[in-house]
Structures are given as C-alpha cells and as structure tokens.
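Scroll down for the structure; my scribbles are underneath it.
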Amino acid sequence: MEEKFMKEALKEAYKAYEKEEVPVGAIIVKDGKIIARAHNLKESKNLCTCHAEILAVQKASKKLKAWRLEDCEMYVTLEPCSMCAGALIQARIKKVYIGTMDYKTGACGSVFNLLEDYTFNHKVECETGILKEECEKVLQEFFKELRKKKK
C-alpha cells in the first residue's frame, strides 16, 4: 500500500519537474483515499512557503474543513524541511512516509529530527525509504539538467 501511494506522490514530483520546480510531490491519505495532492510551486509563485507538503496540508484542511488532520497520513518524495515538519506537527498528521532523505535541510532524521527529538504536544510517526531509488532519481535528473542549463 505504501508504494502505491508513494507512486502518486511521485506523479506530483514529475509535475513540479515539468514546471522547472524542484521535483517534490506530496499526497495526503485519509481512510485509504487520497484527499489532497500537491507539488512544489516555490518558483512559480515566488513564495518560499509553497512547498509540496504545505500546499497538501492546505488542500486537505480545506477539503475536511478542519486544521486537525489527525487521521491522515502524508506521502512525500523528499524528507520535509523544518518548516514542513513543523506544519506536519501543527496539522496533527498521524504519519509521514518519506521517499528519500535530504542530507542538507531535512528535519525528519537526516540533519535533525523535529518529529521525534523534541517534546511537542503531538508526535508524527515516520517511515522512510519508500521507493527511495525512484524518489532520488527524479531529483538527480532535475539537478543534472539544471546544471547543464547554467553552463
């Protein structure tokens, strides 16, 4: 089941890729159904908060008419940064499934772990490595292509 949903998050990452955005995709699932999909739009919108995770949380909250997403799970292709990890805690997301880790800005276990290392009022469960190679591949292709364009 985890791979099925991560494939849906990867579809979102490829949408971002096509828009020349860093290819990160996220979906939110409740009761086995996808209720929100999003991908990075930081460059398009010129807003640093337009990360896939934040946009997915906004869409899920709008759909459920609630800011508490306690019975929801997120699938995201790249480890969330501190802003996004904080949003997962604030939204009361039950669990996050991560494709690949971000060893530069990740806040769910690589650089530090906002989800587990602090005594917040809500704990978000975390599972990593879901379709890791596929999630890494889209990022590697994107940055390889970007480097070519800059030459």
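Taking the range 11-33 as the range and being surrounded by fewer than 24 Cβ atoms within 10 Å (Cβ to Cβ) and within 19 Å of residue 146 (Cβ to Cβ) as the test, the residues that pass are 14, 15, 17, 18, 19, 20, 21, 22.
One line per residue, one yes/no per condition, for (1) touching a Pro at 6+ places or on another chain (Cβ under 9 Å); (2) buried (at least 18 other Cβ atoms within 10 Å of the Cβ); (3) at pLDDT 95 or above:
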position	(1), (2), (3)
48	no, no, yes
60	no, yes, yes
82	no, no, yes
96	yes, yes, yes
99	no, yes, yes
103	no, no, yes
108	yes, yes, yes
117	no, no, no
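Is the range 92-114 home to any residue that is closer than 20 Å to residue 35 by Cβ and in contact with a His (Cβ under 8 Å, 6 or more places away or on another chain)? Within the range 92-114 (the criterion being closer than 20 Å to residue 35 by Cβ and in contact with a His (Cβ under 8 Å, 6 or more places away or on another chain)), the answer is yes, since at least one residue qualifies. Put simply, of 127, 116, 141, 136 the only residue that is within 14 Å of the chain's Cα centre (by Cα), not polar (S, T, N, Q) and not in a strand (DSSP E or B) is 136. Among the residues of the range 121-151, those identified as open to solvent by 90 Å² or more (accessible area, probe 1.4 Å) and either in contact with a Leu (Cβ under 6 Å, 6 or more places away or on another chain) or farther than 14 Å from residue 76 by Cα (or both) are 121, 123, 137, 140, 144, 147, 148, 149, 150, 151. Among strands (runs of 3 or more DSSP E) entirely within the range 1-85, having at least 2 residues that are under 9 Å from the mean Cα position of the chain (by Cα), closer than 30 Å to residue 121 by Cα and without any contact (Cβ under 8 Å) to a residue 40 or more places away in the chain singles out 33-39. If you go through the range 62-80 and pick out every residue that is open to solvent by 20 Å² or more (accessible area, probe 1.4 Å) and either under 18 Å from residue 12 (Cβ atoms) or hydrophobic (A, V, I, L, M, F, W, C) (or both), you end up with 7.
The values are calculated or read from the model by the stated rules, or taken from the named source; none is laboratory data. Only a predicted model underlies this, so the values are computations on that prediction, with no experimental measurement involved. Methodologically, a virtual Cβ is constructed for each residue, glycine included, from the backbone with ideal geometry; neighbour enumeration extends over all protein chains shown. Surface areas here come from the heavy atoms of the whole protein model, side chains and all, with no ligands, DNA or RNA. Shrake-Rupley method; radii C 1.70, N 1.55, O 1.52, S 1.80 Å.
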